[in-house]
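Here is the structure we will look at, set down as C-alpha cells.
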Amino acid sequence: MHKVINIGLIGFGNVGQELARILLEKQQGWAAKESCTFQVSAISTRSRGALVNRQGIDLKRALDDINQSGSFNIENPDYKLLTVDDLINLDFIDVVIEITTLNIINGQPAADHIKNALLNGKDVITANKGPIAFYYGDLQALAEKVGQILLFEGTVMDCTPVFNLVHETLPACTINGFRGILNSTTNYMLTEMAAGESFEAALKKAQEQGFVESDPALDLDGWDAAAKVAALMNVFFNADITPPEIDREGITAISRDDLDKAKQAGETIKLLCEGYRSGDETYGRVKPVAIPITQPLAQIQGTSSALTIYTDLAGTFTIESYDPQIRQTAYALISDLFAIVRHSRQL
Ligand SMILES: NC(=O)c1ccc[n+]([C@@H]2O[C@H](COP(=O)([O-])OP(=O)(O)OC[C@H]3O[C@@H](n4cnc5c(N)ncnc54)[C@H](OP(=O)(O)O)[C@@H]3O)[C@@H](O)[C@H]2O)c1
C-alpha cells in the first residue's frame, strides 16, 4: 500500500533547503520504488515565517521565496502564523525534522522541540548535535517509553553511516573506543597550514568557502568537535556526558612552524577526537596531536572526516567521508526517513 509520510520541518536554513531540493529531484523515483511519498506539510522558522498545507507544501515556491526575499512570501497560500509548538501539535504530522541552529551551551531549545514532538506522538529526526550531545539518554528513553523513533545520523560525519552502522551491524559488540577527525574547518586549516599557509590565511580561505561556523570559536576552540565526541560517547557508551565535560583544546595555539616541525619528524598535526571506556569509566578528549604520517588518520585531508572504531568482536575499522557537502548532510535526513518507513512496515 502506498504510504504518505507527512513531515514537519523545524528550521529551513542550509540543510532544510537542500532537503527540499533533494525531495523535488528524487521524490518520484522513490514513490515508485518504495511505495511511499515524503510530503513536507509544515515548516516553521525563527524569522522567515512559516508554511502549512496538509496536502503538501509547494517546496519549489518555498525555495524561490527564500532565494528572492530571504523569507516565505506572505502572499503564498500556504503561509501561516505558526509557532514551533503549533507545528509539533499538528495532528497530521508523522515525522518532525529538527534542524535548527546548534546551541553549544545547552542544546536548547532543540532538545525541548524533540521532547515535545515525541510526547505528541511524532517520530523525530535531527541533524542538530546539541540535543544528542546534552540529552541523548533522556530523549532516547522517552522515545522508547512513548513508542516513537528518534534518529540522528546527520549529527556526526553527515550521511556516512556511523550510528546506523553501529546499530545495524554491531548489536553484539562492545565499543571500547573511537578516534577520529570530525571537524571540517580545523582539518581544512591544518591541511592548508601543512602546505605552507599561515593560520590567518587558512582561516580566511575556509571562511571564503562558507563552511566555518558563524562564530569561528565553535570550530577553532574545539566546541563542535567536543559536541560530536559527547554525542558518540552518549550513544556508544551510554556515557551521559556533555560537551563541557570533554577534555578540550582547540587549534588556536598551532602555527605553521609546528606543522613544519611535525613534517620533519615524519608526522602531521590533526585535531583528534577521541572517546574511550574501561569498565564504567569513560573519557573523551579533543586535542591537536602529532601523528605519524603513515597512520590512516594522517591521510585525511581538507574537509574530509574519518572515524576509527575499536570493538571487542568486530575488531578495529575506519570509515571515511570524502569531502562532504551540504547535500550529504541533507541526505542523512533522507536515510533516516527511509529507516522510519522500513521500521513501520515491519510492525
Ligand atoms: N550545515 C552543515 O553542513 C551541517 C552539517 C551537519 C549538521 N548540521 C546541523 O544541522 C542544523 C541545521 O544547520 P543549517 O546549516 O541548516 O543551519 P542554518 O542555515 O543556520 O538554519 C537554521 C534554521 O533553523 C531556524 N531556527 C533557529 N532557531 C530556531 C528556533 N528557535 N525556532 C525555529 N526555528 C529556528 C532558523 O530560522 P531562520 O531562518 O529564521 O534564522 C533557520 O531556518 C544545525 O544544528 C547544524 O549544526 C549542519
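Under a plain spin-label model, where a point goes 7 Å from the Cα along Cα-to-Cβ, how far apart in nm are D215 and A32?
4.8
Reported to two decimal places, what Rg/Rh ratio describes the range 159-217 when computed on Cα atoms with Rh from the Kirkwood expression?
Details: Rg = 16.4 Å, Rh = 13.9 Å.
Radius of gyration over Kirkwood radius for the range 159-217 works out to 1.18.
Would you mind estimating how fast the range 226-272 diffuses translationally, via Stokes-Einstein at 4 °C and 1.567 mPa s with the Kirkwood radius over Cα pairs, in µm²/s?
Reported coefficient: 103 µm²/s.
Based on the alpha carbon coordinates of the range 21-66, what radius of gyration and maximum Cα-Cα distance (Dmax) apply, in Å?
In order Rg, Dmax, the Cα atoms of the range 21-66 give 11.9, 37 Å.
Using a 7 Å offset from the Cα along the Cα-to-Cβ direction at both S344 and T316, what is the distance between the two label points in nm, to one decimal?
Each label point lies 7 Å from its Cα, and together they span 4.3 nm.
So, in Å, what gap is there between the alpha-carbon centers of the range 165-240 and the range 23-100?
Each part reduced to its Cα centre gives a spacing of 30 Å.
Suppose all protein chains stay in the model; what accessible area per residue would a 1.4 Å probe give for the range 26-145, in Å²?
Ligands and nucleic acids excluded, the figure is 47 Å² per residue.
Would you kindly give the portion of the calculated P(r) for the range 1-130 that falls above 24 Å, as a percent of all Cα pairs?
I get 25 percent for the Cα pairs in the range 1-130 exceeding 24 Å.
Past 24 Å, Cα to Cα, is the threshold; run K129/K263; K60/K115; K228/K287 against it and keep the listed order.
Flagged as over cut-off: K129/K263; K60/K115.
What Kirkwood hydrodynamic radius, in Å, does the range 231-347 give when the mean of 1/r is taken over all pairs of distinct Cα atoms and then inverted?
Result for the range 231-347, one decimal place: 17.1 Å.
Cβ under 13 Å from E208's Cβ, E208 left aside: what net charge do those residues give with Lys, Arg +1 and Asp, Glu -1? Walk me through the numbers on the way to the answer.
Details: positive: K204, K205; negative: E192, E197, E200.
Neighbour charge sum, excluding E208 itself: -1.
Which residues in the range 40-63 place their backbone N less than 18 Å from a point set 7 Å from the Cα of D91 along the Cα-to-Cβ direction?
It comes to 41-42, 53-56, nothing else.
Give the Rg/Rh ratio for the range 45-109, taking Rg as the radius of gyration of the Cα atoms and Rh as the Kirkwood radius, to two decimals.
Across the range 45-109, the Cα-based Rg/Rh ratio is 0.99.
Once Rh is set to the Kirkwood radius over Cα pairs, what Stokes-Einstein translational diffusion coefficient, in µm²/s, holds for the range 110-265 at a temperature of 20 °C and a viscosity of 1.002 mPa s?
Working: Rh = 17.2 Å.
Translational diffusion coefficient: 125 µm²/s.
Using Cα-Cα distances under 8 Å and only pairs 6 or more residues apart, what relative contact order does the chain have, in percent? Spell out each step's value before the answer.
Values: 679 pairs, mean separation 60.9, N = 347.
After rounding, I find 18 percent.
When ranked by the protection proxy of mean other Cβ atoms within 10 Å per residue, highest first, what sequence do the peptides 109-121, 160-172 form?
Packing order, densest peptide first, comes out as 109-121, 160-172.
Work out the FRET efficiency for D260 and N176 from their Cβ-Cβ distance, taking R0 = 51 Å, and round it to the nearest 0.05.
Using R0 = 51 Å, I get an efficiency of 0.90.
Relative to a virtual label point 7 Å from the Cα of R327 in the Cα→beta-carbon direction, which members of the range 7-24 show backbone nitrogen distances below 17 Å?
Counting backbone N atoms under 17 Å from the label point, the list is 14-24.
Suppose every Lys and Arg Cβ carries +1 and every Asp and Glu Cβ carries -1, with no other charges. What dipole size does the range 1-84 come out with about its Cα centre, to the nearest 20 debye?
200
Sorted by mean Cβ packing within 10 Å, highest first, what order do the peptides 216-224, 200-208 take?
Details: 216-224: 21.2, 200-208: 16.0.
Highest to lowest by the protection proxy: 216-224, 200-208.
Under 9 Å from the Cβ of P161, count the other residues' Cβ atoms, weight Lys and Arg +1, Asp and Glu -1, and hand me the total.
Local charge sum for P161: -2.
Take L24 and S71, extend 7 Å from each Cα along the Cα→Cβ direction, and tell me the distance between the two endpoints in nm.
Computed distance between label sites L24 and S71 equals 2.1 nm.
Report, largest value first, the span of the C-alpha coordinates of the chain along each principal axis, in whole Å.
Sorted from largest, the Cα extents of the chain read 63, 47, 37 Å.
I need the per residue convex hull volume for the range 273-317, using only the alpha carbons, in cubic angstrom as a whole number.
99
What length, rounded to one decimal in nm, is gained on full extension from K3 through to N103, with 0.36 nm per residue of separation minus their alpha-carbon distance? Don't skip to the end; give the middle numbers.
Details: separation 100, 0.36 × 100 = 36.00 nm, distance 3.47 nm.
That works out to 32.5 nm of additional length.
Give, as a single signed number, the net charge of other residues whose beta carbon lies under 10 Å from the beta carbon of D247, with Lys and Arg counted +1 and Asp and Glu -1.
0
The values are calculated or read from the model by the stated rules, or taken from the named source; none is laboratory data. Given the structure is predicted, the values throughout are model-derived calculations rather than measurements. Every residue, glycine among them, receives a Cβ derived from its backbone with ideal geometry; neighbour counts consider all protein chains shown. Calculation scope for accessible area: heavy atoms of the full protein, side chains included, ligands and nucleic acids excluded. Shrake-Rupley method; radii C 1.70, N 1.55, O 1.52, S 1.80 Å.
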